[in-house]
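Below you'll find the structure, written out as structure tokens, and then a few comments.
The values are calculated or read from the model by the stated rules, or taken from the named source; none is laboratory data. Keep in mind that what you see is a predicted model, and the values were worked out from it rather than measured. All Cβ positions, even for glycine, are placed from backbone atoms using ideal geometry, and neighbour counts span all protein chains on display. Each accessible area value is taken on the protein alone, full model and side chains, heavy atoms only, with ligands, DNA and RNA left out. Shrake-Rupley method; radii C 1.70, N 1.55, O 1.52, S 1.80 Å.
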Amino acid sequence: MFHVVQYRPLRLINQNSLSSICLKLMFSRPVAFAQIWKSWFSSHSVVGNKNIILMGPPGAGKTTVGKIVGQKLDCPVIDIDDDVLETTWNMSVSEKLQDVGNEQFLEEEGKALLKFSASGSVISLTGSNPMHAAGMQHVKKSGIVVYLDVPTTVIMSRLKSMKVDRIVGQGPDTSLKDILQFRKQFYKRWYDIRVLCRGDMAAEVVAEKVLDAVKRYENSELETYISTRSSRSGRSTQKDSYKYFSDVVTEGLAPDGGLFVPERGLPKFTAEEWQSLIDATYAERAQVVLERCIHPADIPASKLGEIIGIAYGENFTCSKIAPVRHLAGNQFLLFALQMMPHIFAYCIPRSCNYLVLVATSGDTGSAVLDGFSRLHDTDKRRIAVMTFFPEDGVSPVQKSQMIGCQKENAWSIGVKSDFDFCQTAIKQIFTNADYTGFLTVEYGTALAAANSINWARLLPQIVYHASAYLDLVHQGIIAFGSPVDVCIPTGNFGNILAALYAKIMGIPIRKCICASNENNVLTDFIRTGIYDLRGRKLVPTFSPAVDILKSSNLERYLHLIADGDGQLVAQLYNQLENQGHFQLRKDLLEKLQQDVVAGWCSEEDCLAAIHSVYSTTGYILDTHTAVAKVVADRLQDRTCPIIISSTAHYSKFAPAILRALRIAEIKQNPLSQLHLLSSYSPLPPVHWGLLETLKKNENEDHRVCAADLSTLMFHIETLIQNHFM
């Protein structure tokens, strides 16, 4: 058996003695201090007795990077090819491959790996080690597997320069590119950490990235979340008061009524890291971005990949998932999606049932109901979802969708009020400790949220703004680094906040354009800094998803531009609650206006835009996208491309679309309306899934309740009794 163990004598010293040693060294020999501190930090905080296991395709630089990492950590370096396989077989790897052939080679390689043992070392695997399941399970137990993710085109170029034209597992009829792609599934199965590597990245830089990634992996306590209304300086230092990703997913809303945000902000990607994703699929981009935003202690990389595969594989027949399509001039349309239910199901503890509450202005409702109804049966028994929507504030098709998505664990309730009431009511229910405590004690059921007040609902939206930009680069429309503007129809400020977060993470977004309908409180606020609800009444429009006056996610953005001043945010929102208005400080307004501009669209202009675009392109915009199109036309300066977020399918708003197309006679029956639309051969086609939904649910009914908080709480308790008891 090949066995390497590095024993490190560990002497415990208290903080004071460590500090005094550091101070003496710092003032006497600064260079020596830096070297000793780096060595102490590295060996004790990063490695210990664990191995750092480097994995990746042949040509990824595992051996070279491994040597540099080992040198930096002053620990043994083991190359599986040279130090294990060739020593065990007493022949070169190429000779062994020639001797036994592809299939038997993998088996022999796996057997050697099963006999191998080491600790406190840096190990460089072969490119084919991950293809042997038992061998990899054995090695993975001893440390942290780091995947050096190098683009396939770069690997092929490197192998060509090394005069390698065939690798293990490659048959006579298989190209080098195909076998490299085939192997990726095995790398994705085993890694704990991914390090993105550009082709021109020096091995020294990759080694530093490996060390940074390992330190992050070992220090999950650094990735905590706080409320937008709490002060960083005033928060408790007790470890049990920290909130981690899993906590904020299950809790949804902070106890003080604020929204959860990452305490140390979002991760930054370098330009090189973004560029390495230009040729990636949407799912691959999502995995990379979300891995950096969700600590593996909350969701391991392999499980996150499984969640992404289920969420996007089940619901999307188009492999591009969220494609960007040219509209006209330098305007491009982006289509959206979500994956929250599967994240939620993984994160919640198994010891409790959960009822997920959702306030929706239309589209989120059916998406959440459908997503949670697709969970595994075991999850459906312990997770239920209830949506509250304005009974008279959504389109007939949207309502039919929500009714049709009701299942044994998914219910929909119409409320005789507007979206703002529904959202405010849910927040009040969450912060009512007596009521939530009663549900937990009496029924063993906790409450959670699933619309964009929940961080897990908002986070995946960052991906499609980043992916849209990378698509434009991939299509050759822009070079990486060239700016774009984005225009988003906005009511609750969630989608546009995700774009702002993508900008912070390194996507070159110049301006985010906030597009409102006649409920234009956000437009007024962005222009003046005054958020004023006094005397305002919600106006029902053709674009109901943005018929919102109290914009929840704006709170997260104000917390961001106020540099985490939770006390200020709490003061502003208390004033809004009690007095119906607040005013932003001048310096914060100037900061906001550097990133965001705003405009609004009348009902007449919305319909005119739908007619104009259809007349010139044959493409039918939905009413929300038309709002964004109108505002984009007014505010863009045409010096860079603009991406317009398309947030819904026009079929859901058939009466408004038919009116925009100037069709005189509009029948009241939604089915007849969709058939009439279909006769115009529109792009994209009428959504036939919606037609089927309408046919199936034509005579189905749903619960409707008064706009009363006690009535909503009664419905919640009744449904908990029916489902969980």
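Observations on the model:
- Cα convex hull of the stretch 51-218, projected area averaged across orientations, nm²: 9.0
- The local environment of residue 63, defined by Cβ-Cβ distances under 15 Å, has a net charge of -3 under the rule Lys, Arg +1 and Asp, Glu -1.
- Protection-proxy order for peptides 622-631, 161-170, 450-459, 212-221, each taking the mean of Cβ atoms within 10 Å per residue, highest first: 622-631, 450-459, 212-221, 161-170
- q = 0.11, 0.17, 0.20 Å⁻¹, the stretch 427-510: log10 I(q)/I(0) [Debye, one scatterer per Cα]: -0.46, -0.73, -0.89
- Taking the helices alone, the chain has a mean residue ellipticity at 222 nm of -14500 deg cm²/dmol, built from -39,500 (n - 2.57) per DSSP H run of at least 4 residues and averaged over all its residues.
- Taking the longest Cα principal axis of the chain as reference, the axis of helix 566-579 is set at about 10 degrees.
- Cut-off 11 Å between beta-carbons: net charge of the residues surrounding residue 272, Lys and Arg +1, Asp and Glu -1: 0
- Folded to 0 to 90 degrees: helix 30-41 orientation relative to the chain principal axis, Cα: 80
- Between the stretch 500-524 and the stretch 46-72, the alpha-carbon center distance in angstrom: 42
- As a length-normalised measure over Cα pairs under 8 Å and 6 or more apart, the relative contact order of the stretch 51-218 settles at 34 percent.
- Judged by the mean number of other Cβ atoms found within 10 Å, the most tightly packed of the peptides 440-446, 643-649 leads the ranking 643-649, 440-446.
- Tail beyond 47 Å, pair distance distribution of the chain (Cα, percent): 26
- Normalised contact order of the chain, rounded percent, pairs of Cα under 8 Å and 6 or more residues apart: 12
- Zone residues, the stretch 485-512, relative to residue 475, backbone N less than 20 Å from point 7 Å out along Cα-to-Cβ: 485-489, 499, 503, 507-512
- Packing order of peptides 359-368, 592-601, highest average first: 359-368, 592-601 (average count of other Cβ atoms within 10 Å over each peptide's residues).
- Accessible area per residue for the stretch 51-218 is 43 Å², calculated with a 1.4 Å probe on protein heavy atoms, without ligands, DNA or RNA.
- Difference of contour (0.36 nm per residue) and Cα-Cα distance, residue 590 to residue 708: 38.5 nm
- Each Lys or Arg adds one and each Asp or Glu takes one away; over the other residues whose Cβ falls under 12 Å from the Cβ of residue 447, this sums to -1.
- DSSP beta bridge pairing in the stretch 51-218, given as percent antiparallel to the nearest 5: 0
- Axis of helix 419-430 versus longest Cα principal axis of the chain: the two differ by about 50°, to the nearest ten degrees.
- Bridge orientation summary for the chain: considering DSSP beta bridges with both residues in this region, about 20 percent are antiparallel.
- Spatially proximal aspartates and glutamates relative to residue 243 (Cα-Cα < 13 Å; intrachain offsets below 8 disregarded): 221, 223, 251, 263, 298
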